[in-house]
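The values are calculated or read from the model by the stated rules, or taken from the named source; none is laboratory data. Computed from a prediction, not measured in an experiment: that's the story for all the values here. Virtual Cβ from ideal backbone geometry, glycine too; neighbours counted across all protein chains shown. Only protein heavy atoms, including side chains, enter the accessible area calculation; ligands, DNA and RNA are left aside. Shrake-Rupley method; radii C 1.70, N 1.55, O 1.52, S 1.80 Å.
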Amino acid sequence: KSVPAVVLDDVQGGPPSDLKSLLVGRTKPVLVNVFASWCVPCMAENPQLMALKSKGVTIIGVAWKDEPQNTLNFLAQHDNPYVKTLTDPNGDMALALGISGVPETFIVAPDGTITDKITGPIVPETVDAVLKEVR
């Protein structure tokens with residue numbers, strides 16, 4: 001299915017955008033990671049996201065049902081793997097994506113089609129498999 005056309009605010013103060021517009025012009029798949037500052041598995045997943053970022057993977061974050069300041073604090077404390085972080089305070093995007101909790105990660109092709117969904121945290125043992133899918 002295609003990524004939903006839900007416009008969200010940028011937690012860092014940039015213009016609001018929808019995921020599809022963020023994918024335009026990309027040549028490789030993008031990871032869309034739904035997370036929250038209060039989510040313990042999200043904290044554990046962050047080093048794997050940083051490892052993927054260091055290997056050139058583009059990751060867009062969607063902060064689910066979180067206060068923007070808490071999201072910013074989380075990113076400052078745990079490092080920021082995202083090229084852009086959108087805020088989903090009411091869970092509209094998450095509902096449209098069909099998430100069951102956080103973290104969840106979607107692999108999205110440059111045309112906006114979701115090609116895979118990872119439920120739960122990306123763990124060290126799965127980083128290589130995720131990297132293979134986005135290359």
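Values as computed for the structure displayed
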read-out: Test result for residue 70, at negative phi and over 12 Å from the mean Cα position of the chain (by Cα); value: yes
read-out: Residues of the stretch 89-131 classified as small (Gly, Ala, Ser), touching a residue at least 24 places away in the same chain (Cβ under 8 Å) and farther than 21 Å from residue 72 by Cα, total; value: 4
read-out: Test: residue in the stretch 103-118 that is part of a strand (DSSP E or B) and in contact with a Cys (Cβ under 9 Å, 6 or more places away or on another chain); value: no
read-out: Condition check for residue 88: within 22 Å of residue 1 (Cα to Cα) and under 15 Å from the mean Cα position of the chain (by Cα); value: yes
read-out: Subset of the stretch 101-121 (residues that are closer than 19 Å to residue 37 by Cβ and out of contact with any strand residue (DSSP E or B) (no Cβ under 6 Å at 6 or more places or on another chain)); value: 101, 120, 121
read-out: Flag for residue 107 being open to solvent by less than 10 Å² (accessible area, probe 1.4 Å) and among the hydrophobic types (A, V, I, L, M, F, W, C); value: yes
read-out: Members of the stretch 95-135 that are over 19 Å from residue 26 (Cα atoms) and touching an Asp or Glu at 6+ places or on another chain (Cβ under 6 Å); value: 103, 119, 121, 122
read-out: Considering residues of the stretch 119-135 that are more than 12 Å from the chain's Cα centre (by Cα) and in a loop (DSSP other than H, G, I, E, B) only, the residue modelled with the lowest pLDDT; value: 135
read-out: 1 or more residues modelled with pLDDT under 95 and open to solvent by 10 Å² or more (accessible area, probe 1.4 Å): qualifying helices (runs of 4 or more DSSP H) within the stretch 1-96; value: 19-23, 68-78
